[in-house]
């Protein structure tokens with residue numbers, strides 16, 4: 001069609017104010033991310049733990065109602081949860097929900113890291129690579145709008161992977177309980193899951209944005225993210241393990257020390273002042289999750305009613321999350337501050353405008 | 001400085017958007033134009049020891065404005081200042097009647113900018129890209145998409161709207177950038193080197209579009225380019241910068257003034273004898289291609305040319321007063337100490 005065939009019409013529509021301008025960037029970012037098959041695959045896989053959680057919560061609802069549907073499963077449940085729990089489930093409702101969500105969130109943390117790995121590196125890096133910053137900064141956008149818009153993409157994707165499934169699973173659990181008091185007992189669990197999802201989204205989002213702004217090559221950024229996620233976790237685990245092994249030897253516990261209630265109790269006390277767990281990025285996030293959900297209290301409650309031969313395994317699950325939660329919060333805050341500084345210095349609207 | 005008195009650069013023609021009675025301006029009601037497109041008052045901007053803008057004062061009328069200047073002359077800094085992207089060290093100014101020191105976001109809402117860089121990210125359809133540009137200015141998703149279709153039709157990319165932008169040719173990319181600059185119907189469009197690296201056909205299309213926008217669609221244009229014929233083809237008015245200072249500004253037709261004592265002459269036959277005769281009369285004649293450029297002394301009139309032709313029995317086929325080209329205007333302005 002020749003130029004000018006259609007002419008040019010003036011437009012006198014309404015332009016929105018500045019407050020929500022970042023939402024346009026987020027909307028487009030999420031839409032683009034969802035067009036990518038690795039993201040869609042990771043999202044679908046991330047919903048599998050949510051399905052399992054939903055199933056378990058529904059089963060627990062049947063346990064609470066002493067339903068005949070699960071009569072054949074009672075021996076199995078007694079072996080797994082303990083007789084007192086199955087006999088008086090209402091008393092342990094909040095703890096069981098807490099631990100179910102704890103396992104769910106541990107899986108979702110892993111999927112969140114994967115999703116950030118797939119979605120995050122290109123967020124700013126691509127704009128730098130294709131000199132697309134003038135597209136944003138020559139329009140009525142501030143840098144904070146740009147950053148908020150990009151951060152919103154990560155928040156949106158993690159919301160889809162963690163917050164939305166948590167909420168759906170929670171509602172399904174409520175429906176199967178048929179008891180209004182469950183809201184009073186468990187609303188904190190949903191609240192904790194949502195807050196934890198936001199903590200992951202903002203922390204990981206800021207971090208990946210900062211990484212994304214320091215290179216035009218998104219592969220390097222992916223590698224850096226893998227380093228932060230996996231290498232810090234591995235280093236932290238190795239340091240903790242070496243120290244534990246040393247104490248195991250010094251205490252002459254032998255190989256059975258790992259199942260010894262005495263050794264594990266002293267380990268839990270020792271970890272209350274151990275800094276080694278702080279090295280792991282995901283370890284710090286998990287410590288925040290423990291604090292929000294109150295997982296340790298739930299384990300303690302089960303520990304008190306557990307037979308002596310299973311107590312060691314319960315104590316074992318409480319390792320690695322004993323240091324003060326505010327240490328981990330501090331580490332995450334410092335990382336967020338460093339990320340914000342990096343963004344401030346690397347994304348200069350003027351330098352990029354030729 | 002070759003500053004020229006002007007009437008807005010339109011030779012008495014009123015720009016089509018200067019509606020004073022809004023009731024008469026159906027469809028143009030948001031275009032109440034200020035008298036001047038932009039003005040700078042003693043604006044100084046330094047980067048370290050470099051003065052990018054040096055006590056720059058100028059007032060530029062509405063219309064199609066060419067921005068000329070060699071590299072490092074301050075063109076880019078001026079564009080950044082116009083868009084409210086950088087704080088100036090000293091001075092003040094307005095763009096479309098808005099202070100560029102305080103109303104940066106409002107200015108950028110009313111200005112469309114097509115940068116020199118490609119700035120197109122891949123895996124996006126042309127229509128998505130333009131709609132996204134509209135959303136970033138504050139248009140709703142629906143409005144932006146509808147408007148994107150309209151402007152893509154206008155710039156001649158209607159049939160390529162669903163193609164990924166990475167498959168576009170250089171000319172198509174330039175037109176796409178132009179479409180994203182005008183998607184929100186700005187009052188001023190800034191085009192930075194829009195014809196760089198383009199083939200003649202693509203270049204003509206972009207120039208045609210720019211000219212149409214500025215002259216028929218009531219959109220002000222700031223056209224920054226090194227290619228003088230392009231500026232001349234699109235603009236009515238030029239601003240020439242050099243070392244951060246204003247070297248010249250004015251309506252192109254007035255800057256290209258005629259020279260009363262200099263003429264371009266073409267003869268039917270050999271010009272040697274004619275040239276010698278003119279030299280005896282105190283004239284200076286220099287060959288310029290097929291023409292002879294003759295400068296006559298101040299005390300003589302063009303009649304001496306006819307006298308010399310009659311004396312040497314040669315026929316004058318072409319005689320016009322010399323008129324400066326834009327290139328000469330530019331070079332004179334830039335080379336002036």
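The peptide list A:60-67, B:228-235, put in order of mean Cβ contacts within 10 Å with the highest first, becomes B:228-235, A:60-67. Cα centroids of segment A:167-233 and segment B:318-332: how far apart, whole angstrom? About 70 Å separates the Cα centre of segment A:167-233 from the one of segment B:318-332.
Between segment A:58-91 and segment B:156-205, the alpha-carbon centres lie 68 Å apart. Using a Gaussian network model of chain B in which every pair of alpha carbons under 10 angstrom is joined by a spring, one finds that among B:285, B:251, B:144 the greatest mean-square fluctuation is at B:285. Sketch the reach of a paramagnetic label on residue A:216 as a point 7 Å from Cα along Cα-to-Cβ, and name the residues of segment B:186-229 whose backbone nitrogen lies under 20 Å away. Correct set: B:193, B:196-197. Label positions at residue B:286 and residue B:268, each projected 7 Å from the Cα along the C-beta direction, are separated by 2.9 nm. Going 7 Å from the Cα of residue A:259 toward and past its Cβ, which residues in segment A:273-307 have a backbone nitrogen under 20 Å from where you end up? The answer is A:303-307. Once the C-beta distance of residue A:9 and residue A:41 is scaled by a Förster radius of 51 Å, the resulting FRET efficiency is 0.70 to the nearest 0.05. Nearest 10 degrees, 0 to 90: what angle lies between the long axis of helix B:200-216 and the longest principal axis of chain B (Cα atoms)? The two axes meet at around 80 degrees.
In the elastic network of chain A, a GNM with C-alpha springs shorter than 10 Å, the most mobile of A:199, A:39, A:334 is A:334.
Build a GNM of chain A with springs between Cα atoms under 10 Å apart, and of A:204, A:87, A:193 the one that fluctuates most is A:87.
Taking 8 Å as the Cα distance limit and 6 or more residues as the minimum spacing, I'd like the relative contact order of chain B as a percentage.
Numbers: 642 pairs, mean separation 67.0, N = 337.
With pairs under 8 Å counted, the relative contact order is 20 percent.
Take each residue of peptide B:140-153, count the partner chain Cβ atoms within 10 Å of its Cβ, and average: the result is 3. What FRET efficiency do you get for residue A:338 and residue A:23 if R0 is 30 Å and r is their Cβ-Cβ distance, rounded to the nearest 0.05? Calculated value: 0.65.
Rank these for me by crowding, B:135, A:245, going from fewest to most other beta carbons within 10 Å.
Ranking B:135, A:245 by Cβ neighbours within 10 Å, fewest first, gives A:245, B:135.
By the count of neighbouring beta-carbon atoms within 10 Å, fewest first, A:105, B:292 end up ordered B:292, A:105.
Considering helices alone, the calculated mean residue ellipticity of chain B at 222 nm is -9500 deg cm²/dmol, with DSSP H runs of length four and up weighted by -39500 (n - 2.57) and normalised per residue.
Relative contact order of chain A: 23 percent, from C-alpha pairs under 8 Å at least 6 residues apart in sequence.
With both labels modelled 7 Å from their Cα along Cα-to-Cβ, the residue B:331 to residue A:270 distance reads 8.6 nm. Considering all C-alpha pairs of chain B, those separated by over 32 Å amount to 41%.
If r is the Cβ-Cβ distance from residue B:256 to residue B:123 and R0 is 45 Å, what FRET efficiency results, to the nearest 0.05?
Details: r = 47 Å, r/R0 = 1.05.
Computed FRET efficiency for residue B:256 and residue B:123: 0.45.
Expressed as a whole percent, the proportion of Cα-Cα pairs in segment B:259-323 lying more than 16 Å apart is 33%. Per residue of peptide A:118-127, the mean number of Cβ atoms on other chains within 10 Å of the residue Cβ is 1.
Determine Rg/Rh for the protein assembly as shown; Rg is computed over alpha-carbon atoms and Rh is the Kirkwood hydrodynamic estimate from the same atoms.
Details: Rg = 36.5 Å, Rh = 30.7 Å.
Reported Rg/Rh, Kirkwood definition of Rh: 1.19.
If we count other beta carbons within 10 Å of each Cβ, what is the order of A:238, B:227, fewest first? Don't skip to the answer; put the middle values down first.
Details: A:238 12, B:227 15.
With the fewest neighbours first, A:238, B:227 line up as A:238, B:227.
Beta bridges per DSSP, both residues in segment B:2-254: antiparallel share near 55 percent.
Axis angle, to the nearest 10 degrees, between helix A:181-212 and the longest C-alpha principal axis of chain A: 50 degrees.
For the modelled label position 7 Å from the Cα of residue A:313 along Cα-to-Cβ, which residues of segment A:69-110 have backbone nitrogen atoms closer than 11 Å? Under cut-off, by backbone N: A:79-82.
Between residue A:31 and residue B:169, the modelled label-to-label distance comes to 2.9 nm, taking each label 7 Å out from Cα in the direction of the beta carbon. Compute the acute angle (0 to 90°) between the alpha-carbon long axis of helix B:141-154 and the principal axis of greatest extent of the alpha-carbon atoms of chain B; round to the nearest 10°. On a 0 to 90 degree scale, this one is about 20. When a/c is below 1.5 the answer is rounded, else prolate if a/b is larger than b/c, else oblate, so apply that to segment A:85-202 with a ≥ b ≥ c taken from the square roots of the Cα gyration tensor eigenvalues. Prolate is the answer for segment A:85-202, as a/c is 1.5 or above and a/b outweighs b/c.
So for each of B:178-184, A:127-133 I average, over its residues, the number of other beta carbons within 10 Å; can you give me the resulting order with the highest mean first? The partial results should precede the final answer.
Details: B:178-184: 26.9, A:127-133: 19.6.
Listed from highest to lowest mean packing, they are B:178-184, A:127-133.
Read-outs throughout are calculated quantities, based only on the coordinates presented, and are distinct from any laboratory measurement. Remember, it's a predicted structure, so these values are computed and weren't measured experimentally. Every residue, glycine as well, gets a Cβ built from its backbone with ideal geometry; the counts of neighbours run over all protein chains shown.
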